[in-house]
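Single-structure report; data block below.
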Amino acid sequence: MIIVDAHEDLAWNALTFGRDYRRAVSETRQIESGTTTPAYNGETLIGLPEWRQGRVAIVFSTIFAAPARWSEGDWDILCYEDPHQAHRQYRTSLALYQQWSQENPESVRIIKDVSTLEEHWKAWQDPDSEDPVGFVILMEGADGIRTPAEVEQWFKWGVRIVGPAWSGTRYAGGTKEPGPLTELGRELLQHMGSCGMILDLSHLSEAGAREAIDLYQGPVIASHSSPLARVPNAEFPERLMSDELIKMLAAREGVLGLLIGNKFLQNNWVLGMKRELVGMQDIVAAVDHVCQLLGSAKHIAIGSDFDGGFGLDQVPVGLDSIADLRLIGEALAQYGYAADDVGAILGLNWYHMLQQGLPED
């Protein structure tokens, strides 16, 4: 089965730590052994050979920078003081993806439209193919958009998904800084709708996400979230999605990408605990919660967030790299999920969303 992963912070890692995701996971781990990088972001989980081994055909690759008030130290170099600095940093991340696709078109393909998507998907039907991995560009936190109207320029540059918040931004409250959409955020949604962007609810707090779903007429997703009902004691509950919000997302034909990090899967798991306390059964339980809530497997998929502030020590036991996402499918099948539903959860739900959400050409 073909897998789509809806959230990987590749450019942030490359620019911050020098990670080159065209390398194998084992090579990156060896290079970083004895450095400070694993202490800041864990041992890597992602590499080109592992994408191919795991049949991960498409990733939503992010462009991201953090407000300077949330800097974690001198190493945390992608932090901005104002929208103009944010704009430059987001542009640098986007340029990196463009560079990878130009230098190694056999490894990376940027997907901007339906025709490219369908051609890419067809090529990956061959299980022995060595086709490039498809990148759909996702802007996480919208402060790099200096004015709401500028979102149309980002669309021309190849960005296809925008999440207005990470922490709080000029556009909306977010993780650690909950709050509603701002007036500027409402204006941003209008311009996003005009140019055909996909809206990402992840990191929006409940009030902002509810208003965004009501206001936005275009496609809506949650690229990397998890059900709050499974982790009611979460440190930042606004980072997860209530059952009511999941229902609202499904009513808009949206998809939730399940974040594969231990503290988002098991209640009361905190950093420092053994990763072995969380296993495949916790992933299955989170998926099943959404499916039972909605009566369907059409609205849940994968949004791993691997290497997004955590690494090997904070993912369920049994997952050593991105190649092992396929094991989720095996676990779901053992739990009783039909092959069609497993295929939808691993990849087809995102594929169908992109067919509806991307421009024709």
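The values are calculated or read from the model by the stated rules, or taken from the named source; none is laboratory data. No experiment lies behind these values; they were computed from the predicted model shown. Counting neighbours? That spans all protein chains shown, and the Cβs are built from the backbone with ideal geometry, glycine included. Heads up: the accessible areas ignore ligands, DNA and RNA and are worked out on the full protein's heavy atoms, side chains in. Shrake-Rupley method; radii C 1.70, N 1.55, O 1.52, S 1.80 Å.
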Using θ = phi - 60° and the Karplus relation 6.51 cos²θ - 1.76 cosθ + 1.60, list the HN-Hα couplings for the stretch 254-259 in order, rounded to whole Hz, with x at every Gly or Pro. x, 10, 9, x, 6, 7
Per residue, how much accessible surface does the chain expose to a 1.4 Å probe? Answer in Å², no decimals. 38
Quick calc of log₁₀ I(q)/I(0), the stretch 249-357, Debye, one scatterer on every Cα, no solvent, q values 0.11, 0.12, 0.19, 0.23 1/Å, result -0.33, -0.40, -0.97, -1.31
Quick one: which residues, 5+ away or cross-chain, put their amide H under 5 Å from the amide H of VAL108? H built at 1.01 Å from N. VAL133
Order the peptides 254-265, 283-294 from the highest to the lowest mean number of other Cβ atoms within 10 Å of their residues. 254-265, 283-294
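Only helical DSSP H runs with n ≥ 4 go in: add -39500 (n - 2.57) per run for the chain, normalise by residue count and round the 222 nm mean residue ellipticity to 500 deg cm²/dmol.
Details: 14 runs with 136 residues, N = 361.
Rounded to the nearest 500, it is -11000 deg cm²/dmol.
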Within straight-line cross-link reach of LYS263, lysines at Cα separation under 24 Å, skipping those fewer than 8 residues along the same chain: LYS176, LYS247, LYS274
Place the peptides 75-86, 122-133 in order of packing, highest mean first, counting for every residue the other Cβ atoms within 10 Å and averaging per peptide. 75-86, 122-133
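Taking the Cβ-Cβ separation of ARG91 and GLU235 as r and a Förster radius of 41 Å, what is the calculated FRET efficiency to the nearest 0.05? Kindly include the intermediate steps, with their values, before the conclusion.
Details: r = 32 Å, r/R0 = 0.79.
The calculated FRET efficiency here is 0.80.
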Report the label-to-label distance for TYR335 and LYS274 in nanometres (one decimal), using points 7 Å from each Cα along the Cα→Cβ vector. 2.3
Tell me, how many Å apart are the Cα centres for the stretch 18-40 and for the stretch 218-269? 29
Near the amide H of ALA172, under 5 Å away, which other amide H atoms are found, from residues 5 or more places off or on another chain, if H is placed in the peptide plane? THR182
Per-residue HN-Hα couplings for the stretch 146-155 [Karplus 6.51, -1.76, 1.60; θ = phi - 60°; Hz; x = Gly/Pro]: 5, 9, x, 5, 5, 4, 5, 5, 5, 4
Run the reach check for LYS112 against lysines, Cα to Cα strictly under 28 Å, same-chain hits fewer than 8 apart removed. What comes back? LYS122, LYS156, LYS298
For the chain, what % of the accessible area comes from carbon and sulfur atoms, probe 1.4 Å? 48
Share antiparallel - DSSP beta bridges, the chain, percent rounded to 5: 5
